[in-house]
Amino acid sequence: MGGKNRRRNPLNSREITMQVGVIGCGTAGPAAAILLARRGHRVQLFDQAAELKPLGAGLLLQPTGMAVLEQLGVLDELMRLGSRVERLLGTDPHGRPVLDVRYADLRTDLFGLGLHRGALFSALHGEAVRAGVEIRSGVAAASFEERADSVSFRDRGGREHGPFDLLLIADGARSSLRDQFGGVRRCDRYPWGALWFVAEDSEGQFAGVLRQVYRGTSGMIGFLPSGRATPDGPNTVSVFWSVPMADVERIREEGLEAWKARVRALTPLAEPVLSQIRSFDQLIVAGYHDVVVRRVGSGRVALLGDCAHAMSPQLGQGANLALLDAAALDRALAESSDVASVTWAYDAARRTSTRYYQFASRWLTPVFQSGMNWITPLRDCLLPIGLRLPIGRSMALTSLVGVRRGLLRSEPVPVLGRPE
Ligand SMILES: Cc1cc2nc3c(=O)[nH]c(=O)nc-3n(C[C@H](O)[C@H](O)[C@H](O)COP(=O)(O)OP(=O)(O)OC[C@H]3O[C@@H](n4cnc5c(N)ncnc54)[C@H](O)[C@@H]3O)c2cc1C
């Protein structure tokens with residue numbers, strides 16, 4: 001394996017077949033593994049979980065991420081399971097719009113895809129198996145070692161895995177390998193997070209719109225249509241209730257009925273969901289990280305997904321960016337068989353766009369989730385005006401769909417059904 005066992009790739013005589021190790025079977029890991037295996041490389045995907053399964057609630061994918069799902073060959077399956085989201089509507093408790101954007105205002109064929117994590121996980125996992133990726137569960141990576149001609153990693157039991165030509169680290173926001181890669185500029189926990197619940201929505205009451213209701217900056221509930229986990233499963237809506245992480249235990253001690261009363265006081269929309277919650281244990285507590293690294297690729301190692309750029313889900317971009325990372329790495333590999341050039345090109349390709357989204361979510365998050373209630377009159381007055389102006393609307397929509405490369409630059413939005 002590694003450098004000494006390289007051979008010509010049977011799929012492309014100009015390319016070298018590489019041994020690739022991928023750490024983390026979340027979103028970025030399997031997406032990259034599929035694309036690289038399809039290029040004829042030998043890919044091994046490792047995850048610490050003894051049993052691989054999806055964790056968390058629903059998520060919203062943007063047209064840019066959907067284009068990667070199309071490239072991966074799983075978009076049709078996920079379109080059948082997911083829910084189309086045409087509009088994001090955030091109001092105050094009286095129903096006055098604060099944030100109201102429609103994908104169609106950017107281009108009439110655009111929409112977001114609300115997905116159950118189970119659906120995304122099964123699609124990526126199934127496709128990885130079909131692509132010939134070797135998946136190894138119960139392997140928790142602890143450190144890696146890069147040499148001139150190969151790279152390998154050690155698990156927590158001290159066992160060495162590899163050697164590989166290329167190591168992709170996609171072990172999520174709490175990565176244990178990121179520090180060793182170096183260049184970590186920021187790794188903070190947001191003081192605010194959310195309580196999530198995946199509710200049945202058999203009537204499709206929440207269909208089509210990602211709804212949010214805000215009371216100041218310290219109260220927020222959101223309803224994300226998230227489709228079905230399996231073809232026979234019920235249609236779902238993922239509900240999130242904003243909380244300071246320091247208050248979670250206190251809320252739990254006050255009891256479920258006290259919490260439900262607070263939710264009801266914010267909006268009657270929550271009623272069909274609240275009747276499905278019988279215990280606090282049904283709620284998922286989600287905290288967010290803000291991670292900034294100096295570079296995402298160098299030598300024989302690349303960082304992908306939350307490990308490289310975890311951010312708050314306020315802009316709904318984390319999984320989307322993880323998919324874009326995988327596609328960028330695949331493009332870099334298509335252009336060179338020299339590993340150092342591949343990781344350099346990958347780093348250059350992802351730098352500006354990732355920095356923009358990190359910056360935007362860091363500044364936007366306290367506007368919707370913080371104790372800065374004094375900002376509410378400004379937000380509720382200026383945001384609707386800004387979004388009515390063509391430039392404000394275009395900025396918001398291009399940010400949302402995932403094509404911004406900075407404050408002044410954006411890329412064209414991909415057209416589904418017409419791969420690059
Ligand atoms: C509440 C919430 C809501 C969100 N909503 C959205 C949304 O609407 N839209 C969106 O695009 N994104 C959203 N996100 C972000 C999105 O979930 C993440 O950005 C995305 O899952 C990142 O994928 P990943 O592959 O980088 O990491 P993960 O999905 O976290 O996967 C990491 C994997 O690595 C494994 N692992 C960890 N450590 C090790 C180790 N040492 N050795 C081996 N394996 C290891 C883990 O078991 C896991 O399987 C949300 C996040 C949260 C918390």
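The values are calculated or read from the model by the stated rules, or taken from the named source; none is laboratory data. This is a predicted model, so every value here is computed, not measured. Cβ coordinates were reconstructed from backbone atoms using ideal geometry, including for glycine residues, and neighbour counts include every protein chain displayed.
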Within the range 24-43, is even one residue at negative phi, among the hydroxyl-bearing types (Ser, Thr, Tyr) and more than 12 Å from the ligand (Cβ to nearest atom)?
no
On the given criteria, is Gly114 touching a Phe, Trp or Tyr at 6+ places or on another chain (Cβ under 7 Å), within 30 Å of Pro268 (Cβ to Cβ) and in a strand (DSSP E or B)?
no
List the strands (runs of 3 or more DSSP E) that sit entirely inside the range 20-111 and contain at least 2 residues that are closer than 30 Å to Asp155 by Cβ, touching a residue at least 12 places away in the same chain (Cβ under 8 Å) and touching a helix residue (DSSP H, G or I) at 6+ places or on another chain (Cβ under 8 Å).
42-46
Among all residue pairs at least 6 apart or on different chains, which show Cβ distances below 6 Å where the first residue, located in the range 180-195, is under 26 Å from Val285 (Cα atoms) and touching a residue at least 12 places away in the same chain (Cβ under 8 Å) and the second is surrounded by 14 or more Cβ atoms within 10 Å (Cβ to Cβ) and of a type in the set (S, T, N, Q)?
Tyr190/Ser312; Trp192/Gln369; Ala194/Ser242
Any residue at all in the range 294-307 that's out of contact with any Lys or Arg (no Cβ under 9 Å at 6 or more places or on another chain) and at pLDDT below 95?
no
Check whether at least one residue in the range 322-329 is in contact with a helix residue (DSSP H, G or I) (Cβ under 9 Å, 6 or more places away or on another chain), near the ligand (Cβ under 8 Å from one of its atoms), touching a residue at least 40 places away in the same chain (Cβ under 8 Å) and at positive phi, and report yes or no.
no
Quick one: in the range 160-177, of everything that is within 12 Å of the ligand (Cβ to nearest atom) and more than 15 Å from Ala32 (Cα to Cα), which residue is surrounded by the fewest Cβ atoms within 10 Å (Cβ to Cβ)?
Arg174
Residue set Ala119, Ala123; condition surrounded by 16 or more Cβ atoms within 10 Å (Cβ to Cβ), assigned to a helix (DSSP H, G or I) and touching a Gly at 6+ places or on another chain (Cβ under 7 Å); output residue Ala119
For Gln317, only one of the following conditions fails: (1) in contact with a helix residue (DSSP H, G or I) (Cβ under 6 Å, 6 or more places away or on another chain); (2) surrounded by fewer than 18 Cβ atoms within 10 Å (Cβ to Cβ). What is its number?
(2)
Looking at the range 341-353, is at least one residue closer than 18 Å to Gly90 by Cα and either touching a Leu at 6+ places or on another chain (Cβ under 8 Å) or of a type in the set (D, E, K, R) (or both)?
no
Which residues, counting only those in the range 334-353, are at pLDDT below 95 and surrounded by 21 or more Cβ atoms within 10 Å (Cβ to Cβ)?
Ser353
Just for the range 175-201: of the residues that are charged (D, E, K, R) and touching a strand residue (DSSP E or B) at 6+ places or on another chain (Cβ under 7 Å), which one is farthest from Gly138 (Cα to Cα)?
Asp201
Going through the range 164-183 one residue at a time, which ones are part of a loop (DSSP other than H, G, I, E, B) and of a type outside the set (Asp, Glu)?
Ala170, Gly172, Ala173, Arg174, Ser175, Ser176, Leu177, Gly182, Gly183
Could you run through the range 49-71 and say how many residues are within 13 Å of the ligand (Cβ to nearest atom) and either hydrophobic (A, V, I, L, M, F, W, C) or buried (at least 19 other Cβ atoms within 10 Å of the Cβ) (or both)?
16
Those residues that are buried (at least 24 other Cβ atoms within 10 Å of the Cβ) and either within 12 Å of Arg351 (Cα to Cα) or without any contact (Cβ under 8 Å) to a residue 40 or more places away in the chain (or both), I need them from the range 289-302; list them, please.
Val296, Gly297
